[in-house]
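Peer 1: Before we start, here is the structure in question, set down as structure tokens.
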Amino acid sequence: MAHPVSPFRTQPPTDGLPEFYRGYVARVPTGDVVQTLERQVHETVRVLSAIPTDREVHRYRPDAWSMREVVGHMTDTERVFQYRALSLARMDPAPLPPMDQDRWVEASGAHHRPLASHLDEFQSVRRSTVLLLEGLEPEGWAARGVANELPFAMAAIPWILAGHELHHLEVLKTRYHAVPSTDTSS
């Protein structure tokens, strides 16, 4: 028997959404956010699979992450927020810790793994996120708690993840020029 659909799947919460993440959420198109998460991963993988191997280690400035590290960061962030979603939805009262993204990237070794490996992992983690969200009861969607010392609504998490992916895909396209040129006018 299917679970009743939470209204938060089609509209992000306005409270329990920390200010820092509002820009990510604003990027997400209207509609069922779980379906958005399912769809968008395919576009991200399509775009990033076209990157030539020699460009995977590109950094748009010396202190920027490589493209491999960006995708590794996306996967790590997905895992952290997936755990936050699970913890909040299961009504665990424990506050959830922050994530130091720069330390995580530095310790990950992501720069040394092929992009194809990162994309496989990202797809698997996203599939797990979608399955978790599809299995939540409405009470799980409505759950609240504390993460990174901020009040957090569980329902904000899928919207943040969708926006986070869109943000980094845009960065990869604009700053890293990850999309091969289709200009044939030369």
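Peer 1: Which distance in nm do the two modelled labels at Arg59 and Ala94 give, with both placed 7 Å along the Cα-to-Cβ direction?
Peer 2: The modelled label-to-label distance comes out at 3.5 nm.
Peer 1: Quote the charge dipole size of region 79-186 about the Cα centre in Debye, to the nearest 20; the model charges only the Cβ of Lys and Arg (+1) and of Asp and Glu (-1).
Peer 2: 60 debye
Peer 1: Compute the whole-percent fraction of alpha carbon pairs in region 45-129 spaced more than 14 Å apart.
Peer 2: Of the Cα pairs, 66 percent sit more than 14 Å apart.
Peer 1: Continuing with this model, one more query. Taking a 1.4 Å probe, which of Tyr24, Tyr176 shows the most accessible area, and what order do the others take after it?
Peer 2: The ranking, largest first, comes out as Tyr24, Tyr176.
Peer 1: Please report, as a whole percent, how much of the solvent-accessible surface of region 116-184 comes from carbon and sulfur atoms (probe radius 1.4 Å). Provide the component values of the computation, followed by the final result.
Peer 2: On the way: 1570 of 2990 Å².
Result for region 116-184: 53 percent of the exposed heavy-atom area is carbon or sulfur.
Peer 1: Ordering Met99, Met91 from largest to smallest accessible area (1.4 angstrom probe), what's the sequence? Spell out each step's value before the answer.
Peer 2: Values: Met99 45, Met91 110 Å².
Of Met99, Met91, the descending order of accessible area is Met91, Met99.
Peer 1: Here's something else I'd like to know. Determine the per residue accessible area of the chain with all protein chains present and a 1.4 angstrom probe, expressed in square angstrom. Kindly include the intermediate steps, with their values, before the conclusion.
Peer 2: On the way: 9840 Å² over 186 residues.
Value returned for the chain: 53 Å² of accessible area per residue.
Peer 1: While we're here: For region 15-107, with all protein chains present and a 1.4 Å probe, just round the carbon and sulfur fraction of the accessible area to a whole percent.
Peer 2: That share works out to 53 percent.
Peer 1: While we're looking at this one, here's another question. Please list, in chain and number order, the residues 5+ apart from Ala147 or on another chain whose amide H is under 5 Å from its amide H, with Hs placed from the backbone.
Peer 2: Leu96, Phe152
Peer 1: Could I ask something else about it? Can you show me the helix-derived [θ] at 222 nm for the chain, built from DSSP H runs with n ≥ 4 at -39,500 (n - 2.57) apiece and divided by the number of residues, rounded to the nearest 500.
Peer 2: Result for the chain: -16500 deg cm²/dmol, rounded to the nearest 500.
Peer 1: Distances longer than 31 Å among the Cα atoms of the chain: what percent of all pairs is that?
Peer 2: Pairs farther apart than 31 Å: 19 percent.
Peer 1: So, one more: GNM, the chain, Cα, under 10 Å: largest mean-square fluctuation among Arg46, Arg59, Arg27?
Peer 2: Ranking Arg46, Arg59, Arg27 by mean-square fluctuation puts Arg46 first.
Peer 1: How far is the Cα center of region 19-51 from the Cα center of region 95-131, in Å?
Peer 2: When both Cα centres are located, 16 Å separates them.
The values are calculated or read from the model by the stated rules, or taken from the named source; none is laboratory data. Note that this is a predicted model, so its numbers are computed, not measured. Note: ideal-geometry Cβ built from the backbone for every residue, glycine included; neighbour counts use all protein chains shown. Just so you know, the surface numbers come from the protein's heavy atoms only, side chains and all, with ligands and any DNA or RNA stripped out. Shrake-Rupley method; radii C 1.70, N 1.55, O 1.52, S 1.80 Å.
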